[in-house]
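Inspection log for the structure reproduced underneath, given as structure tokens.
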Amino acid sequence: MLRMILMIIEKTLAVRLVPFAMMLAVTFTAAAAKPVETELFAAQWELSVSAERLLTIDAVADIVNAWSTDSRQQIELQYPGGEEGELWVYQLMDGLVALGIPSGNLLAVPGSGQGDVIRLRVIRTGGNYR
């Protein structure tokens, strides 16, 4: 008799917990799918920044960490227009490549909207993501 009661309780819990577990999985997947965005300000940047020193800049470290969770993602770099902006973004891209991010995963886009800001964003590019 006790065994039968335990089986009924087990089945009831399983029926009620499965939808709850699925809802949690969807919630965590949706949270993980949010893009990581940050800004790098000119005041944080030095022309002589090495790849190792890049990781001491929080904005860059956040983007590298977010990208490293799935290397199929791209990093979009919105940079200020003009020669100075191009120089800055290409130096940053060189540093990111030195850190192990393939150049094909970096996308430079002019027009950050501010002369002293590079906007960095990790973007998903298709495929099955965790």
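A few points about this structure:
- 3J(HN,Hα) along the range 59-69, derived from phi through the Karplus expression 6.51 cos²θ - 1.76 cosθ + 1.60 where θ = phi - 60°, amounts to 4, 6, 4, 4, 5, 4, 5, 5, 5, 5, 5 Hz, with x in place of Gly and Pro.
- Under 5 Å between amide hydrogens, built in the peptide plane, is the criterion, and for ALA108 it picks out LEU77 among residues at least 5 positions away or on other chains.
- Shown in residue order for the range 73-84 are the 3J(HN,Hα) couplings computed by the Karplus curve 6.51 cos²θ - 1.76 cosθ + 1.60 at θ = phi - 60°: 7, 10, 10, 8, 10, 8, 10, x, x, x, 4, 5 Hz (x for Gly and Pro).
- Backbone phi angles across the range 89-100, fed through the Karplus curve with coefficients 6.51, -1.76 and 1.60 (θ = phi - 60°), yield HN-Hα couplings of 5, 6, 5, 5, 4, 4, x, 5, 5, 5, 7, x Hz in residue order; Gly and Pro are listed as x.
- Seen from GLN44, the other residues with C-beta closer than 14 Å to its C-beta sum to a net charge of -3, counting Lys and Arg as +1 and Asp and Glu as -1.
Computed from the coordinates by the stated procedures, all read-outs in this text should not be read as laboratory data. Nothing here was measured: the structure is a model prediction, and the numbers come from that model. Positions of Cβ are generated from backbone atoms using ideal geometry, with glycine treated the same way; all protein chains shown enter the neighbour counts.
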